[in-house]
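Below: one structure, written as structure tokens.
The values are calculated or read from the model by the stated rules, or taken from the named source; none is laboratory data. On a predicted model such as this, the values are computed, not experimentally measured, just so you know. Cβ sites come from the backbone with ideal geometry, for glycine too, and all protein chains shown count toward neighbours. Heads up: the accessible areas ignore ligands, DNA and RNA and are worked out on the full protein's heavy atoms, side chains in. Shrake-Rupley method; radii C 1.70, N 1.55, O 1.52, S 1.80 Å.
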Amino acid sequence: MTGSYYTYSQKLMGTTVSLQLYVENPAAVTAVFNTIEALEARLTVNRDHSEVMSINHAAGKHPVTVSKLVFDLIQQAKAASLLPYSRFNLAIGPIVKLWKIGFNGQSIPPADEITHRLSLTSPHLIELDQTNHSVYLAKAGMEIDLGAIAKGYIADITKLVLAQYNIHQAIINCGGNVLTIGSSPLTSSQEWHIGLKRPFAAANSLLGILHVQNKSVVTSGIYERYFIFNEQLYHHIIDPFTGYPLDNELQSVTIISDNSLTGDIYSTILFGFGVRHGLNELEKHKNMGAIFVTKDQKIFIKSNQHFQFELLADDYELCQSLIPA
Ligand code: AMP
Ligand code: MG
């Protein structure tokens with residue numbers, strides 16, 4: 001191990017964001033956190049006002065012109081929602097707001113209310129006008145929710161901010177979305193060591209360690225936000241076909257990719273696909289690797305040469321990919 005490091009944390013985006021640098025640069029640190037704060041203020045749906053909320057407030061009434069940044073992100077989220085078999089759905093807002101999972105008032109909603117709100121979640125009803133960057137939600141009550149991609153997008157921007165300060169080695173951790181920048185000054189292999197959390201355990205309890213360089217590591221998991229009622233677990237990733245938390249064999253999916261927006265989109269998409277379909281899909285995306293963790297304590301790895309995984313938990317079984325690499 002060589003070198004010393006400087007860690008900075010702030011509560012932002014409903015989580016603790018931490019930044020690790022290997023040089024002291026207070027101006028860069030301020031710029032990173034100010035940028036995150038400003039982007040959150042534009043993208044959030046957990047406050048009354050933001051650019052995204054201005055679209056939601058005008059649902060069924062009129063299109064709203066937004067910044068190019070917000071428009072582009074919505075366009076990417078819509079494309080992800082329209083992929084074949086995708087359970088990613090940027091129009092899931094009315095159902096997320098109904099369950100309130102991870103927020104005050106979380107509870108199991110009446111079935112008829114879920115059915116009603118499902119009629120407000122078709123991504124086809126989100127009309128995008130490329131010429132003036134306007135977004136129109138065609139039915140009153142519709143709501144865009146960018147919760148599944150905003151952190152990834154914001155992490156990528158922080159990399160650009162740091163580059164402006166000539167910083168090319170850093171880690172930014174947005175509560176489960178980790179972006180490693182450059183190579184690590186702390187290990188002889190120059191690889192970063194990123195912990196994969198043990199589901200439902202303390203934050204420092206790990207299933208294993210990923211070794212990566214210049215990669216994003218993003219996890220979607222049922223243990224991130226949930227509540228338990230009558231011994232049944234209700235978590236925050238909603239199946240847009242049923243309106244209930246997505247129920248399959250998975251506890252989590254971790255995506256290892258070059259940029260964090262892609263990782264955030266695909267962690268949610270592949271979580272919805274499940275292990276077999278997810279591993280198959282990765283055959284088409286050689287620029288990504290993934291780790292699937294199942295409820296019956298199996299770990300499936302598709303590395304595509306982007307990372308190595310060191311298993312620490314002896315009660316989990318490491319299974320080679322169902323498909324030859
Ligand atoms: P992630 O942890 O990146 O998988 O994103 C989960 C967050 O995305 C949730 O907290 C919701 O805000 C939102 N969300 C929930 N279900 C979906 C879904 N099916 N498609 C897109 N976003 C969703
Ligand atoms: Mg995601």
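Only loop residues by DSSP count here, and only those with at most 14 other Cβ atoms within 10 Å; note down the GluC sites (Glu not before Pro) in region 188-254 that meet that.
Passing both the DSSP loop test and the Cβ count: E231, E249.
Of the listed pairs K78/K298; K97/K298; K78/K284; K197/K286; K11/K284; K151/K286, which have alpha-carbon separations greater than 29 Å here? Kindly include the intermediate steps, with their values, before the conclusion.
Details: K78/K298 32 Å; K97/K298 33 Å; K78/K284 20 Å; K197/K286 25 Å; K11/K284 37 Å; K151/K286 23 Å.
As for pairs spanning more than 29 Å Cα to Cα, those are K78/K298; K97/K298; K11/K284.
So for E310, E24, E281, what's the accessible-area order with a 1.4 Å probe, most first?
So the residues, ranked largest to smallest area, are E24, E310, E281.
Under the definition of Cα pairs under 8 Å and six or more residues apart, what whole-number percent is the relative contact order of region 133-242?
Dividing the mean separation by the residue count of region 133-242 yields 17 percent.
Please identify which residues in region 208-236 have an amide N closer than 18 Å to a label point set 7 Å out from the Cα of Q190, following the Cα→Cβ vector.
So the set is 211-216.
Can you check what the net charge comes to around F103, using other residues whose Cβ is under 10 Å from the Cβ of F103 (Lys, Arg +1; Asp, Glu -1)?
Result for the local shell: +3.
Below 8 Å between Cα atoms, with a sequence gap of 6+, how large is the relative contact order for the chain in percent?
16 percent.
Chymotrypsin sites (Phe, Trp or Tyr not before Pro) within region 112-217: which are DSSP loop residues with at most 10 other Cβ atoms inside 10 Å?
Loop-located and lightly packed - none at all.
For the chain, with only Lys/Arg (+1) and Asp/Glu (-1) charged at the beta-carbon, what is the dipole magnitude about the Cα centre, in debye rounded to 20?
My answer is approximately 300 debye.
Is the C-alpha gyration tensor of region 107-210 telling us rounded, prolate or oblate? Criteria: a/c under 1.5 is rounded; beyond that, a/b larger than b/c is prolate, otherwise oblate.
Details: a/c = 4.58, a/b = 1.61, b/c = 2.85.
Taking the square roots of the gyration eigenvalues as a ≥ b ≥ c, region 107-210 is oblate.
If you roll a 1.4 Å probe over the heavy atoms of the protein chains, what accessible area per residue do you get for region 1-146, in Å²?
Numbers: 7210 Å² over 146 residues.
Result: 49 Å² per residue.
Applying 1/(1 + (r/R0)^6) with R0 = 30 Å to the Cβ-Cβ distance of S205 and F229, what FRET efficiency is obtained, to the nearest 0.05?
0.75
Relative to 2.2 N^0.38 Å, what does the C-alpha radius of gyration of region 29-156 come to as a ratio? Two decimals please. All intermediate terms of the calculation are to be shown ahead of the outcome.
Working: Rg = 14.7 Å, N = 128, 2.2 N^0.38 = 13.9 Å.
In units of the 2.2 N^0.38 Å rule of thumb, it is 1.06.
Over the chain, what percent of the accessible surface lies on carbon and sulfur atoms, probe 1.4 Å?
51
Net charge near Q305: determine it from the other residues with C-beta under 14 Å of the C-beta of Q305, scoring Lys and Arg +1 and Asp and Glu -1.
Working: positive: K215, K286, K302; negative: E191, D258, E283.
Combined, the nearby Lys, Arg, Asp and Glu give 0.
Summing Lys, Arg as +1 and Asp, Glu as -1, what charge do residues with Cβ under 15 Å from the Cβ of N204 carry, N204 excluded?
Cβ neighbours under 15 Å give a net charge of +2.
Would you compute, from DSSP H runs of 4+ residues alone, the mean residue ellipticity of the chain at 222 nm, taking -39500 (n - 2.57) per run and dividing by the full residue count, rounded to the nearest 500? Kindly include the intermediate steps, with their values, before the conclusion.
Working: 7 runs with 93 residues, N = 325.
When only DSSP H runs of four or more count, the value is -9000 deg cm²/dmol.
What shape does the chain have by the C-alpha gyration tensor, where a ≥ b ≥ c are the square roots of the eigenvalues, rounded means a/c under 1.5, and otherwise prolate means a/b greater than b/c and oblate the rest?
It comes out oblate by the Cα gyration axes.
If you take the charge dipole of the chain about its Cα centre, with +1 on Lys and Arg Cβ and -1 on Asp and Glu Cβ, which of C319, S216, A31 is farthest toward its positive end?
Selected residue: A31.
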